[in-house]
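The values are calculated or read from the model by the stated rules, or taken from the named source; none is laboratory data. Quantities reported herein were computed from a predicted structural model and do not represent experimental measurements. Because the Cβ atoms are built from the backbone with ideal geometry, glycine has one as well, and the counts that use them run over all protein chains shown.
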Amino acid sequence: MQKLGIRRRFAAGVFGQAYTRVAYALSTIALVPILIGAWGLEGYGEWMALTALATYFSYSNFGLVTTSANEIVMAIGAREELRARRTFQMSINVAVYVVLPILLVLLAVAACLPIAKILQLSAVRPSGVMLILALSAVQLWVSTLRGILVAALYATGAYGLAYFETGTMKFVELLAVGGTVLILGGTQVAAAAAIALVGLIDIVIIYALARRAAPWARPDMRVFDTRWLRSQVKPALGFALANLSTQGVIVQGPRVILSAALGPPAVAIYAVYATAMRLIDQLLLMVALPLEIEIAHHVGSNDRARAYSLIVSGTQAGWALFGIVSFGFLIAGNMIFNFWTHDRVEFSLSLMTLFLLMSACNQVGRINAHALIATNRMYGPSIVTLVGCCIFLLLGGFLARHFGIPGMAIGIICAELFYSLVVVRASIAWHGITATKFLRDVLCGINRDRSAQ
């Protein structure tokens, strides 16, 4: 991590993330007209509902990937290579000996449930549902291993390289799915198979890069340290619950509930607006993910003042990006939607305003959440956020039955704001500052002389 200074590391990381975010944004944007054009609005809605359901398989790793990666980065920041190697080896072994069997059990349980009936699916048959879930489980387990391997690149300061590889593979995935659907006339099952295949190729490349960058990053299947495992329970559970709040409840929860309550077409419309909002997320992650690694590194080396400075800078960048993209959507949203969805999803200014408000509530605590996650400090806040977000998701489901998609959007706006306020409070308490000071630092910048004291 010391081979390059923070400026060069961060610049490489930002450029790498810029490339990756462009890849993710283009993939997300391009797949909407491709899939809607090939499968229709209902077929697209069924795909979104099933992939949303499949993401819940990712909780089989209990948050191990992110917390282990953070531990590895902090260990290298503290110059403790032995600790980093032990964490790496144990993480790999837990993925093989614990996570994989859990995934198989979850698939067996899913096979016993009438998922197609619950989600009101008609384009995808029950056998296709299980194939999609099985292929998604393969891809998720491979991504678990990948997350551990890529931590070696993060720890050595080569996260820019990791980001470039990630972006390239996202372009490959777009080509694979697009080619499968447009050229071969592939179904939802074929698209899931293409994604899983690209994931397998991806992990082979990452493994080769990790071996080259970090000689200590070598799997040892004989290692199983129960004391290490116990030490990781709280941070891993904290991240898992936080991720369940954001991804499982706030992002994917509305799609599953809308499919069961209003049918796949409602999911498709909600997903189109939510996908548009993801463009803001992709731009913010360009800055947030390199910041997350640097925050973990500086906390590991006991430089909390620099870590706080990075949180403030990231928050300022996030609001600037949000303002630029929001203005673009409000000005050109109608033209974009007509072309983007083949005139199948009508642009509604009022609905777009709700989704922009949802994104704004997310921005309030976004960087603070990344800081807590990067330093494995999410255990306490995650329990509170999960309870609150579940309550607001249920509120959204209730409102959706009476007001349709806007009702669900209102519930998720409340969930986003609640989550942000909890993580901001936890973050400023960790740094021993008041909410007023944090707000003043974000609006006016940090007084360097005072922060040095």
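Please tell me if Ala288 is on the phi < 0 side of the Ramachandran plot and at pLDDT 85 or above. Here the answer is no, as Ala288 does not meet what is asked.
Just checking, how many residues over the stretch 329-360 are of a type in the set (Phe, Trp, Tyr) and closer than 18 Å to Gly404 by Cβ?
From the stretch 329-360, those of a type in the set (Phe, Trp, Tyr) are 329, 337, 339-340, 347, 355; that's our starting set.
From the residues that got through so far, the ones that are closer than 18 Å to Gly404 by Cβ too are 337, 347, 355.
Here the count works out to 3.
If I filter the stretch 393-415 for residues that are small (Gly, Ala, Ser), out of contact with any Pro (no Cβ under 9 Å at 6 or more places or on another chain), surrounded by fewer than 24 Cβ atoms within 10 Å (Cβ to Cβ) and within 30 Å of Met335 (Cα to Cα), do I get at least one hit?
First, pick out the residues of the stretch 393-415 that are small (Gly, Ala, Ser): 396-397, 400, 404, 407, 409, 411, 415.
Add one more test, that the residue is out of contact with any Pro (no Cβ under 9 Å at 6 or more places or on another chain), and what stays is 404, 407, 415.
Checking which are surrounded by fewer than 24 Cβ atoms within 10 Å (Cβ to Cβ) leaves us with 404, 407.
Filter again for within 30 Å of Met335 (Cα to Cα), leaving 404, 407.
Yes, the stretch 393-415 contains at least one residue that is small (Gly, Ala, Ser), out of contact with any Pro (no Cβ under 9 Å at 6 or more places or on another chain), surrounded by fewer than 24 Cβ atoms within 10 Å (Cβ to Cβ) and within 30 Å of Met335 (Cα to Cα).
The residues in the stretch 113-140 that are within 19 Å of Trp39 (Cα to Cα) and either of a type in the set (Val, Ile, Thr) or in contact with a Gly (Cβ under 8 Å, 6 or more places away or on another chain) (or both) can be counted, and the count is 5. The single condition from (1) within 15 Å of Asn243 (Cβ to Cβ); (2) assigned to a helix (DSSP H, G or I) that Gly407 fails is (1). Please specify each residue of the stretch 344-367 satisfying the condition of being hydrophobic (A, V, I, L, M, F, W, C) and part of a helix (DSSP H, G or I). Scanning the stretch 344-367 gives Leu349, Leu351, Met352, Leu354, Phe355, Leu356, Leu357, Met358, Ala360, Cys361, Val364, Ile367.
Hey, among the residues in the stretch 168-187 that are part of a helix (DSSP H, G or I), hydrophobic (A, V, I, L, M, F, W, C) and free of Cβ contacts under 8 Å to residues at least 40 places away in the same chain, which one's nearest to Leu131 (Cα to Cα)? Please lay out each step first, then the result.
From the stretch 168-187, those part of a helix (DSSP H, G or I) are 168-183; that's our starting set.
Okay, now just the ones that are also hydrophobic (A, V, I, L, M, F, W, C), so 169, 171-172, 174-177, 181-183.
Next, only the ones that are free of Cβ contacts under 8 Å to residues at least 40 places away in the same chain stay: 169, 172, 175-176, 183.
Values: Met169: 23, Val172: 22, Leu175: 21, Ala176: 18, Ile183: 21 Å.
Result: Ala176.
Residue-by-condition table, conditions (1) touching a Leu at 6+ places or on another chain (Cβ under 8 Å); (2) at pLDDT 90 or above:
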{"site": "Leu104", "(1), (2)": "no, yes"}
{"site": "Val109", "(1), (2)": "no, yes"}
{"site": "Ser122", "(1), (2)": "no, no"}
{"site": "Leu131", "(1), (2)": "no, yes"}
{"site": "Leu140", "(1), (2)": "yes, no"}
{"site": "Thr156", "(1), (2)": "no, no"}
{"site": "Ala162", "(1), (2)": "yes, no"}
{"site": "Gly179", "(1), (2)": "no, yes"}
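Take the conditions (1) crowded, with 16+ Cβ neighbours inside 10 Å; (2) not in a loop (DSSP other than H, G, I, E, B); Gly157 misses just one of them, which is (2).
I'd like to know if the stretch 56-79 contains one or more residues that are at pLDDT 85 or above, touching a Ser or Thr at 6+ places or on another chain (Cβ under 8 Å) and surrounded by fewer than 20 Cβ atoms within 10 Å (Cβ to Cβ).
Checked against the condition, which is being at pLDDT 85 or above, touching a Ser or Thr at 6+ places or on another chain (Cβ under 8 Å) and surrounded by fewer than 20 Cβ atoms within 10 Å (Cβ to Cβ), the stretch 56-79 yields no hits at all.
Among the residues in the stretch 84-104, are any among the basic types (Lys, Arg), crowded, with 20+ Cβ neighbours inside 10 Å and more than 29 Å from Lys170 (Cβ to Cβ)? Spell out the reasoning first.
Step one: filter the stretch 84-104 for residues among the basic types (Lys, Arg), giving 85-86.
Add one more test, that the residue is crowded, with 20+ Cβ neighbours inside 10 Å, and what stays is 85.
Narrowing further to those that are more than 29 Å from Lys170 (Cβ to Cβ): 85.
Checked the stretch 84-104: at least one residue is among the basic types (Lys, Arg), crowded, with 20+ Cβ neighbours inside 10 Å and more than 29 Å from Lys170 (Cβ to Cβ).
Cβ separations smaller than 9 Å between residues 6+ apart or across chains give the following pairs from the stretch 428-445 residues that are over 19 Å from Arg306 (Cβ atoms) to residues that are in a helix (DSSP H, G or I): Thr434/Ile428; Ala435/Val424; Ala435/Arg425; Ala435/Ile428; Leu443/Gln316.
Whether a residue is surrounded by fewer than 21 Cβ atoms within 10 Å (Cβ to Cβ) and either over 16 Å from the mean Cα position of the chain (by Cα) or at negative phi (or both) was assessed, and Thr144 does not pass this test.
Kindly provide the set of residues from the stretch 100-149 that are in a helix (DSSP H, G or I), among the small types (Gly, Ala, Ser) and closer than 20 Å to Gly40 by Cβ, ordered by number. Steps first, answer last, please.
As a first pass, look at the stretch 100-149 and keep what is in a helix (DSSP H, G or I): 100-111, 115-118, 126-149.
Remaining after also requiring among the small types (Gly, Ala, Ser): 108, 110-111, 116, 127-128, 134, 136-137, 143, 147.
Selection gives Ala116, Gly128.
Only residues that are touching a helix residue (DSSP H, G or I) at 6+ places or on another chain (Cβ under 8 Å) and outside any helix (DSSP H, G or I) were counted across the stretch 188-220, and they come to 6.
I'd like the full set of residues that are closer than 27 Å to Ile195 by Cβ and among the charged types (D, E, K, R), limited to the stretch 41-83. If the condition is that a residue be closer than 27 Å to Ile195 by Cβ and among the charged types (D, E, K, R), then Glu42, Glu46 are the ones that fit.
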